[in-house]
Amino acid sequence: MLVKCSFCRKRYARAGAYETHLQSAHANLDIVLASTIRNPPADVLTDRGTDLSDANEPIEHSNSDYESDPAGDTAGSERNAPDDTRRREPETEVLEDNTYPVAAKQEDCRGAREAIGEVKKCKEQCRDLFENPCAPLASAQGFKLASWFIESKVSKTRINDYFSNSIGNSTSVGYSSIYTLENLFRHVDLYSPYLQWLEGHVEDGQRTLPFFYRNVLGCVSCLLRQIAYRDDLVYAPRREYQQSGQKIYAEMHTAD
Amino acid sequence: MVPIIGMSDQTNLTNFSGDKKAWPVNMTIGNLPSTIRKRPGSIAILLLGLLPIPPKLAKCSRADKLHRLINAYTHGGVLELIFAPLNGTAREGAPIDCADGKIWRRFSIMSGWIVDHMENVTLHGIKSNPCPKCEVPPEELGSRAGHHGGRDYARYKRYERENPSLDSETHDTLTLATRMKLMVSRGGKTFFKDS
């Protein structure tokens, strides 16, 4: 069974290789590290000339689909694991305002490059995700027990009986009833507040039809807030070139 | 800037108990590389809404025409409601939490809509044989003869508003604007309500 890294989505079949990858690529994970990964130091960039062929490989090799791309096999992921931070940077040039006339003319976009504020508890969430992958459950045992409850479709009454009859140890798993367990489930998904469903009604002249939708800005916030995407998100237009000098128009942000 | 990519397709759920269908509308953003967006396990495509399914058409051509018109108006109104929050953010921007731990002002703009041809026909209210992108006549589809301008649905709505009784006119008494309207409406079937 392949295990996917929560921070860069590499896949590993062996726990040892996964742990080595976490220690090497995601050591001391916090927001500061994330910014250094996106902007690697100069000595790392200068070393790219020594393994130019490796750096210019298509990104799909490291970020490939489970089913479709045979190049993204487990062995390849484990073999390339220490170099993943260096392979993420393609030969790109981020456009500045003075070289991008369209952006320079947009007066309404003034201040678009200035952060308005800090997201509350973002650093704590990143740290908790790294230090305790089972959060908000207290331990791996509690996570496994809760998973078993759900997958086995154990009724709420039986779960309460399990703890009230002292069959299970509530102190080690972190919950003692279905009430406390459901409270923990509400905090499992960090992004659920962005994806609330709304109900609307429309009349077609004969009847009233219900329909359901989400706030589109909430969906945008959910995607931009995903920690797993933070190394891949692109916020500014780019120019990308091949080795021969031809321009690449593969992405939406690389268009003219 | 956050370019939004929408996608929709009506899908059949079952043929029992009255042909149940669903009409999901999905969305993703162009800030993510396509190698990540297209991956099934990346959860980069979110379900944005479920459009109402119109009732079955009656077995009468006049009633069919009325139903199609009502359905087009209905779906236009529903899509307007779903994407109404983008009206202000496209120009003024809106504060959005980002993965780098900061709140940025983002300009969310609808940039693309991925659908198949029949979905284009339904959403745009056009006939099934013309091209939904440009005004090439149906008989010239597939050929490279000439260049035809793109479809401007705002212009169609303007012509519709300026010529409400177009169907009753004869070709001999058409004005220039009416002829243009007829030219572009050869592919048009219904028009969305003015917002």
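The values are calculated or read from the model by the stated rules, or taken from the named source; none is laboratory data. Quantities reported herein were computed from a predicted structural model and do not represent experimental measurements. Here Cβ is always computed from backbone atoms with ideal geometry, including for glycine, and neighbour counts include all displayed protein chains.
Being touching a helix residue (DSSP H, G or I) at 6+ places or on another chain (Cβ under 9 Å), farther than 25 Å from A:V202 by Cβ and among the polar types (S, T, N, Q) is the requirement here; does B:S108 meet it? So B:S108 does not fit the description; no.
Among the residues of the range B:105-122, those identified as of a type in the set (D, E, K, R) and within 18 Å of B:Q10 (Cα to Cα) are B:D116, B:E119. Of the listed requirements (1) touching a strand residue (DSSP E or B) at 6+ places or on another chain (Cβ under 9 Å); (2) outside the structural domain of A:F7 (by TED's automatic domain parsing), A:Y175 misses just one: (1). Here A:L190, A:L195 are screened, and the one residue that is farther than 20 Å from B:L81 by Cβ, within 21 Å of the chain's Cα centre (by Cα) and not hydroxyl-bearing (S, T, Y) is A:L190.
Determine whether the range B:86-96 contains at least one residue that is among the basic types (K, R) and without any contact (Cβ under 8 Å) to a residue 40 or more places away in the chain. Can you show your working first?
Taking the range B:86-96 first, the residues among the basic types (K, R) are B:91.
Right, trim to without any contact (Cβ under 8 Å) to a residue 40 or more places away in the chain and you get B:91.
Looking through the range B:86-96, at least one residue is among the basic types (K, R) and without any contact (Cβ under 8 Å) to a residue 40 or more places away in the chain.
Restricting the first member to the range B:59-70 and to residues that are at pLDDT 65 or above, and the second to residues that are among the hydrophobic types (A, V, I, L, M, F, W, C), the beta-carbon pairs closer than 7 Å and six or more apart or on different chains are B:D64/B:L57; B:D64/B:A58; B:H67/B:L57; B:H67/B:A58.
Mind checking which helices (runs of 4 or more DSSP H) fall wholly inside the range B:107-195 and carry at least 3 residues that are surrounded by 15 or more Cβ atoms within 10 Å (Cβ to Cβ) and modelled with pLDDT under 75? Give the derivation first.
Working: elements: B:117-124, B:153-162, B:176-184.
Of the helices (runs of 4 or more DSSP H) lying wholly inside the range B:107-195, those with at least 3 residues that are surrounded by 15 or more Cβ atoms within 10 Å (Cβ to Cβ) and modelled with pLDDT under 75 span B:153-162, B:176-184.
Residues of the range B:97-106 that are in a strand (DSSP E or B) and either more than 9 Å from chain A (Cβ to nearest Cβ) or without any contact (Cβ under 8 Å) to a residue 12 or more places away in the chain (or both): B:D97, B:K102, B:I103, B:W104. Among the residues making up the range A:121-176, those that are surrounded by fewer than 11 Cβ atoms within 10 Å (Cβ to Cβ) and of a type in the set (D, E, K, R) are A:E124, A:E131, A:E151, A:K153.
Could you tell me whether any residue of the range A:235-248 is in the same structural domain as A:H26 (by TED's automatic domain parsing), among the hydroxyl-bearing types (S, T, Y) and closer than 30 Å to B:S8 by Cβ?
To start, the set of residues in the range A:235-248 that are in the same structural domain as A:H26 (by TED's automatic domain parsing) comprises A:235-248.
Cutting the leftovers down to among the hydroxyl-bearing types (S, T, Y) gives us A:235, A:241, A:244.
Those left that are additionally closer than 30 Å to B:S8 by Cβ: A:235.
For the range A:235-248, residues in the same structural domain as A:H26 (by TED's automatic domain parsing), among the hydroxyl-bearing types (S, T, Y) and closer than 30 Å to B:S8 by Cβ: present.
Whether any residue in the range A:191-211 is away from chain B (no Cβ under 11 Å), under 30 Å from B:V2 (Cβ atoms) and surrounded by 11 or more Cβ atoms within 10 Å (Cβ to Cβ) is what I want to check. There is at least one residue in the range A:191-211 that is away from chain B (no Cβ under 11 Å), under 30 Å from B:V2 (Cβ atoms) and surrounded by 11 or more Cβ atoms within 10 Å (Cβ to Cβ). Among the residues of the range B:83-109, none is identified as farther than 23 Å from B:V25 by Cβ, out of contact with any Lys or Arg (no Cβ under 9 Å at 6 or more places or on another chain) and aromatic (F, W, Y).
Does A:I178 satisfy the criteria of being of a type in the set (A, V, I, L, M), more than 10 Å from every other protein chain (Cβ to nearest Cβ) and closer than 30 Å to A:S147 by Cα? In short, yes. Just one residue in the set B:P52, B:P85 is over 25 Å from B:L13 (Cα atoms), at pLDDT 85 or above and facing another protein chain (nearest Cβ under 7 Å); that residue is B:P85.
Is it the case, given these coordinates, that B:A90 is more than 30 Å from A:R207 (Cβ to Cβ), more than 8 Å from chain A (Cβ to nearest Cβ) and out of contact with any Gly (no Cβ under 6 Å at 6 or more places or on another chain)? It is true that B:A90 is more than 30 Å from A:R207 (Cβ to Cβ), more than 8 Å from chain A (Cβ to nearest Cβ) and out of contact with any Gly (no Cβ under 6 Å at 6 or more places or on another chain).
Selection of the range A:111-146 for residues being assigned to a loop (DSSP other than H, G, I, E, B) and among the hydrophobic types (A, V, I, L, M, F, W, C) yields A:A112, A:A115, A:I116, A:V119, A:C134, A:A135, A:L137, A:A138.
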